[in-house]
Amino acid sequence: MKKLVFLTGAGVSAESGVATFRDSGGLWENYDVMKVASIEGWNEDCDLVQRFYNDRRAQLANVEPNAAHRAIALLQADFDARVITQNVDDLHERAGSRDVLHLHGELTKACNEAKTDVIEIGYRAIAEGEKAADGSRLRPFIVWFGETVELMNDAAYITREADIFVIVGTSLQVYPAASLIYFTRGKTPIYAIDPNEIAFPFDRGEFIREKASRGMEILRERLKLLAD
Ligand code: APR
């Protein structure tokens, strides 16, 4: 089967009611990103950071995957499909996508300060002062600004292998994730689904200017022509 690789961002979860970051009303309009999503912010006020992620984790328990997540999962029947996501929610998995690669971590996991001991915590809060097994502060298993994207090489390798590459719901403003499009082989068609204009640099594919759910319906028609 052909290798179909998705790079998704916050926009794929927007129709589930999960806020994006840079749209009007987005998370970064209401929070100072450097205070709640950076290693400096963690060291300055870890309780503020815990509250930020505890709130998002609690919200995740009350939202559902949307038609776009489900459409992406269904394509596993006709393609060797992989999802690389910048999202920290578990909506791709709950829609049935297997082996999702989370470039920026996962809300449902926590870890010690050294990020060497990762545990599943589901949607529960991390309590103030809660410790990891090694005695360090238990923290969200998230890649904060200023931290290394440990899975970038794996993501680049998967992207290099892609026969078809699809971008859904990302503003392509955060690196190194956004640089993945440059790891595609020269002939690999790149599709992008987004209701807004994005810096979509390639003419070897198609920009589907729609929300994720509607865009995935259109993409599924295109892919029927490309499946083996
Ligand atoms: N369907 C599809 N795309 C949508 C929808 C929708 N219903 N609504 C908004 N979008 C698009 C926006 O037009 C935008 O291009 O989703 C994109 C969201 O962009 P961002 O808010 O920048 O989110 P993302 O690209 O995922 O951010 C990347 O930045 O703050 C960090 O770690 C955080 O993983 C995040 C990274």
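Which Cα, out of PRO176, ALA155, THR188, lies furthest along the positive dipole direction of region 138-193 (beta carbon charges, K/R +1, D/E -1)?
THR188
Can you bin every Cα-Cα distance in region 134-228 into 5 Å intervals starting at zero and give me the percent of pairs per bin, rounded to whole numbers?
Each 5 Å bin holds this share of Cα pairs: 3, 11, 20, 20, 18, 12, 7, 4, 3, 2, 1, 0.
Give or take rounding to whole Å, what are the principal axis extents of the alpha carbon atoms in region 1-42, in descending order?
45, 24, 13
At 0.36 nm per residue, minus the direct Cα-Cα distance, what do ALA114 and ASN153 gain on full extension? Give it in nm, one decimal, please.
Values: separation 39, 0.36 × 39 = 14.04 nm, distance 2.01 nm.
Taking ALA114 through ASN153 to full extension adds about 12.0 nm, to one decimal.
Could you state the angle between the C-alpha long axis of helix 212-224 and the longest principal axis of the C-alpha atoms of the chain, as a value from 0 to 90 degrees rounded to the nearest 10?
The helix 212-224 is inclined about 40 degrees to the chain.
Can you give the three extents of the C-alpha atoms in region 78-133 along their principal axes, from longest to shortest, in whole Å?
Sorted from largest, the Cα extents of region 78-133 read 47, 21, 16 Å.
What is the distance, in nm, between label points placed 7 Å from the Cα along the Cα-to-Cβ direction at ASP99 and at LYS224?
So the label points at ASP99 and LYS224 sit 2.8 nm apart.
Quick one: check the C-alpha center-to-center distance for region 39-88 versus region 127-141, whole angstrom.
Computed from Cα coordinates, the inter-centre distance equals 21 Å.
Per residue and in cubic angstrom, what volume does the convex hull of the Cα atoms of region 112-178 have?
Numbers: hull volume 9.6 nm³, N = 67.
In region 112-178, the Cα hull volume divided by residue count equals 143 Å³.
Can you check how the C-alpha radius of gyration of region 73-184 compares to 2.2 N^0.38 Å, as a plain ratio?
Here the Cα radius of gyration is 1.18 times the empirical estimate.
Which value, in debye to the nearest 20, describes the size of the charge dipole of the chain about its Cα centre when Lys and Arg Cβ atoms bear +1, Asp and Glu Cβ atoms bear -1, and nothing else is charged?
Values: 27 positive and 36 negative charges, 132 e Å.
Approximately 640 debye in magnitude.
Sorted from largest down, give the three principal axis spans of the alpha carbons of the chain, whole angstrom values.
Dimensions of the chain along the principal axes of its Cα atoms: 55, 33, 29 Å.
Report, in debye and to the nearest 20, how large the dipole of region 78-174 comes out about its Cα centre when Lys and Arg carry +1 and Asp and Glu carry -1 on their Cβ. It would help to have the intermediate numbers written out before the result.
Values: 10 positive and 18 negative charges, 50 e Å.
The dipole magnitude comes to about 240 debye.
In the Gaussian network model of the chain, springs joining C-alpha atoms below 10 Å, which of ASP78, ASP154, ASP134 carries the largest mean-square fluctuation?
ASP134
What lysines sit close enough to LYS115 to cross-link, taking a C-alpha to C-alpha distance under 29 Å and skipping anything fewer than 8 places away on the same chain?
LYS35, LYS131
Taking 25 Å as the cut-off for C-alpha to C-alpha distance, list the pairs among LYS3/LYS109; LYS3/LYS187; LYS2/LYS109 that go past it.
The pairs that break the limit, which is 25 Å between Cα atoms, are LYS3/LYS109; LYS2/LYS109.
Return the Rg/Rh value of region 40-91, two decimal places, where both radii are evaluated on C-alpha atoms and Rh is the Kirkwood radius. Before the final figure, lay out the partial values.
Values: Rg = 15.8 Å, Rh = 13.6 Å.
Reported Rg/Rh, Kirkwood definition of Rh: 1.17.
Return the FRET efficiency for the residue pair GLU128, ALA199: r is the Cβ-Cβ distance, R0 is 45 Å, and the value is rounded to the nearest 0.05.
On the way: r = 41 Å, r/R0 = 0.90.
Efficiency computed from Cβ-Cβ geometry: 0.65.
Please give the peptides 112-124, 96-108 ranked by average Cβ packing (other Cβ atoms within 10 Å per residue), highest first, as a rough proxy for protection. All intermediate terms of the calculation are to be shown ahead of the outcome.
On the way: 112-124: 13.7, 96-108: 19.0.
Output ranking for 112-124, 96-108: 96-108, 112-124.
Would you mind checking the radius of gyration and Dmax of region 1-102 based on alpha-carbon positions, in Å?
Radius of gyration, then largest Cα-Cα span, for region 1-102: 15.4, 49 Å.
None of the figures in this text is laboratory data; all of them are computed from the coordinates on show. Here the structure is a predicted model, which is why all the values come from computation and not from measurement. Backbone-built Cβ (ideal geometry, glycine too); neighbour counts: all protein chains shown.
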